[in-house]
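Student: Quick one: this structure, given as structure tokens, is what I'll be asking you about.
The values are calculated or read from the model by the stated rules, or taken from the named source; none is laboratory data. Because the structure is predicted, anything quoted here is derived from the model rather than measured. Cβ coordinates were reconstructed from backbone atoms using ideal geometry, including for glycine residues, and neighbour counts include every protein chain displayed. Side chains included, ligands, DNA and RNA excluded: accessible areas come from the protein's heavy atoms. Shrake-Rupley method; radii C 1.70, N 1.55, O 1.52, S 1.80 Å.
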Amino acid sequence: MFLRSVHKQQGVFSQAFLRAFSTLPSAKPNSPNFGSGPCKKRPGWELSALRDGAYGRSHRSALGKGKIVEAINLTKELLGIPENYHLGIVPASDTGAYEMAMWSLLGERKVDVCYWESFGKGWFTDATAQLKLDVNKHEADYGQLPDLSKTNKDNDICFTWNGTTSGVRVPNGDWISNDRTGLTLCDATSAVFAMDMPWEKLDVTTYSWQKVLGGEGAHGILILSPRAVERLETYTPSWPMPKIFRLTKKGKFDNSVFVGNTINTPSLMAVEDYLDALRWCKSNGGVKGLIQISENNLAIVKKFVAENSWVHFLADSEATTSCTSICLKFDGVTPDQVKKMAKLLENHNVAYDVGAYRDAPPGLRIWGGATVENSDMELLMPWLKWAYHECQAN
């Protein structure tokens, strides 16, 4: 009887303890947009930022093409792209850019495909099921990174710099050989403008506008090294090449895409928005400034994780923890309760689109790119604690 009474009292105390956390935090983030793509617009963005666009004009006109060329040149300047590299705007976001590279360049030799989350696995599927290449697979579970040192410098290497759905990034490019004979194809869509990119190690790099810069979707960036151009001129794939993927003409590198002549019609509104984002980047210390904002966001979440034993990064190593797609997992709650956490944050207009990716383990994924202000990340942390305990109590 005494023990039952104690247990009952403990249960009452436990429920009271959890209810103490049910008091809503006093302040909300100024912007609830913490989704991982499309991502939050830059601070202070308004539609008026697009007033000078070349609307209703041909993308071949001096005005329209001038906008595209300006975007290409300003991107190269900000990212520090080597002078002998080529950068172009291509269709279909990062996916289109990476597929263009795979279809145009692979097949000349064996390929090492490295993946540790869903998008990298998609490139493996394309390499094996669609292009039917001779592939070595280097894989790891969500939260981990495969042993990249096992890749072969004489093979082509396909990999993502930052796993957007796992929150695991490559810490550096030291594992890529300087005397490689194969090409490196890097999907860097959630890394460019937020992480240091060693261009001399990367023969192909792709990204999209709607991630770190908070631009609009539908367009991708393709960056080629001289070694990638050499491959285009010395190797012809055995499969038919769709027009939208063609980077050569009569066996020679077609430079037109990289000087402003896009393959198909781009959205000049999206181009204008991209230019606005680039100018914002330049006014905020360039890429180094944006990297610092993103790393500060990660530091805020690291502090929160260190102070709360029930929350952990999905990444199992501090060196590989992403500063953009910050993925968290939780003790003591079911997958349904984690989904409820995300829904609570959305219903209170605190954080939108922060549920884990559909193929990832249960958890939350919080965007920490530079368009998310550090003050908003600070204000989000008490709400995470509230949502966690609210779900436990109910």
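Student: The conditions are (1) open to solvent by 10 Å² or more (accessible area, probe 1.4 Å); (2) outside any loop (DSSP other than H, G, I, E, B); (3) closer than 26 Å to Thr234 by Cβ, and Ser149 fails exactly one of them. Which is it?
Tutor: With respect to (1) open to solvent by 10 Å² or more (accessible area, probe 1.4 Å); (2) outside any loop (DSSP other than H, G, I, E, B); (3) closer than 26 Å to Thr234 by Cβ, Ser149 is out only on (3).
Student: Among the residues of the stretch 38-91, which ones are within 30 Å of Val229 (Cα to Cα), without any contact (Cβ under 8 Å) to a residue 40 or more places away in the chain and hydroxyl-bearing (Ser, Thr, Tyr)?
Tutor: Correct list: Ser58, Ser61.
Student: Among the numbered conditions (1) in contact (Cβ under 8 Å) with a residue 60 or more places away in the chain; (2) under 26 Å from Gln210 (Cα atoms); (3) more than 17 Å from the chain's Cα centre (by Cα), tell me where Val311 comes up short.
Tutor: It is condition (2) that Val311 fails.
Student: Something else: For the stretch 155-210, which residues satisfy the criterion of being touching an Asp or Glu at 6+ places or on another chain (Cβ under 8 Å) and basic (Lys, Arg)?
Tutor: Answer for the stretch 155-210, where residues must be touching an Asp or Glu at 6+ places or on another chain (Cβ under 8 Å) and basic (Lys, Arg): just Arg180.
Student: Does the stretch 246-261 include one or more residues that are farther than 30 Å from Lys110 by Cα, open to solvent by 20 Å² or more (accessible area, probe 1.4 Å) and at pLDDT 95 or above? Show your work before the answer.
Tutor: Filtering the stretch 246-261 for residues farther than 30 Å from Lys110 by Cα gives 259-261.
Still in the list and also open to solvent by 20 Å² or more (accessible area, probe 1.4 Å): 259, 261.
Right, trim to at pLDDT 95 or above and you get 259, 261.
Yes: the stretch 246-261 contains one or more residues that are farther than 30 Å from Lys110 by Cα, open to solvent by 20 Å² or more (accessible area, probe 1.4 Å) and at pLDDT 95 or above.
Student: Could I ask something else about it? Out of the residues in the stretch 152-171 meeting the condition of being outside any loop (DSSP other than H, G, I, E, B) and touching a strand residue (DSSP E or B) at 6+ places or on another chain (Cβ under 6 Å), tell me which one is nearest to Ser190 (Cα to Cα). Even if it seems obvious, please write down each step before you answer.
Tutor: Here is the first cut: in the stretch 152-171, the residues outside any loop (DSSP other than H, G, I, E, B) are 156-160, 162-163, 168-169.
Now restrict to residues that are touching a strand residue (DSSP E or B) at 6+ places or on another chain (Cβ under 6 Å): 156-160, 162, 169.
Numbers: Asp156: 22, Ile157: 19, Cys158: 16, Phe159: 13, Thr160: 9, Asn162: 6, Arg169: 10 Å.
Checked the stretch 152-171; the qualifying residue nearest to Ser190 (Cα to Cα) is Asn162.
Student: Cβ-Cβ distance below 6 Å, separation of 6 or more or different chains: which pairs start in the stretch 117-143 with a residue that is in contact (Cβ under 8 Å) with a residue 24 or more places away in the chain and end on one that is in a helix (DSSP H, G or I) and buried (at least 19 other Cβ atoms within 10 Å of the Cβ)?
Tutor: Leu133/Ala127; Val135/Ala127
Student: Select from the stretch 309-338 the residues that are among the hydrophobic types (A, V, I, L, M, F, W, C) and in a helix (DSSP H, G or I) and write down the one among them that is least open to solvent (accessible area, probe 1.4 Å).
Tutor: Step one: list which residues in the stretch 309-338 are among the hydrophobic types (A, V, I, L, M, F, W, C), which gives 310-311, 313-315, 319, 323, 326-328, 330, 333, 338.
If we keep only those that are in a helix (DSSP H, G or I) too, we end up with 319, 338.
On the way: Ala319: 62, Val338: 8 Å².
Out of the qualifying residues, it is Val338.
Student: Let me ask something else. Identify all residues within the stretch 264-308 that are in a helix (DSSP H, G or I) and among the polar types (S, T, N, Q); write none if there are none. Please lay out each step first, then the result.
Tutor: Just the residues of the stretch 264-308 that are in a helix (DSSP H, G or I), to begin with: 268-283, 286-307.
Listed by number, the residues that qualify are Ser283, Gln292, Ser294, Asn296, Asn297.
Student: Follow-up. Can you name the condition, by its number, that Phe304 falls short on among (1) open to solvent by less than 20 Å² (accessible area, probe 1.4 Å); (2) closer than 18 Å to Asn33 by Cα?
Tutor: Condition (2) is where Phe304 drops out.
Student: In the stretch 367-389, how many residues are closer than 26 Å to Asp196 by Cβ and touching a helix residue (DSSP H, G or I) at 6+ places or on another chain (Cβ under 7 Å)?
Tutor: 7
Student: For the stretch 21-41: of the residues being within 16 Å of the chain's Cα centre (by Cα) and of a type in the set (D, E, K, R), which is most open to solvent (accessible area, probe 1.4 Å)?
Tutor: Of all residues in the stretch 21-41, those within 16 Å of the chain's Cα centre (by Cα) come to 33-41.
The next check asks that each one be of a type in the set (D, E, K, R); those that pass are 40-41.
Details: Lys40: 21, Lys41: 40 Å².
Per the criteria, the residue is Lys41.
Student: Of the residues that sit in the stretch 340-351 and are open to solvent by 70 Å² or more (accessible area, probe 1.4 Å) and either part of a loop (DSSP other than H, G, I, E, B) or in contact with a Cys (Cβ under 9 Å, 6 or more places away or on another chain) (or both), which one is farthest from Trp310 (Cα to Cα)? Walk me through how you get there before you give the answer.
Tutor: Of the stretch 340-351, the ones open to solvent by 70 Å² or more (accessible area, probe 1.4 Å) are 340, 343, 346-347, 349.
The next check asks that each one be either part of a loop (DSSP other than H, G, I, E, B) or in contact with a Cys (Cβ under 9 Å, 6 or more places away or on another chain) (or both); those that pass are 340, 349.
On the way: Lys340: 16, Asn349: 24 Å.
The residue in question is Asn349.
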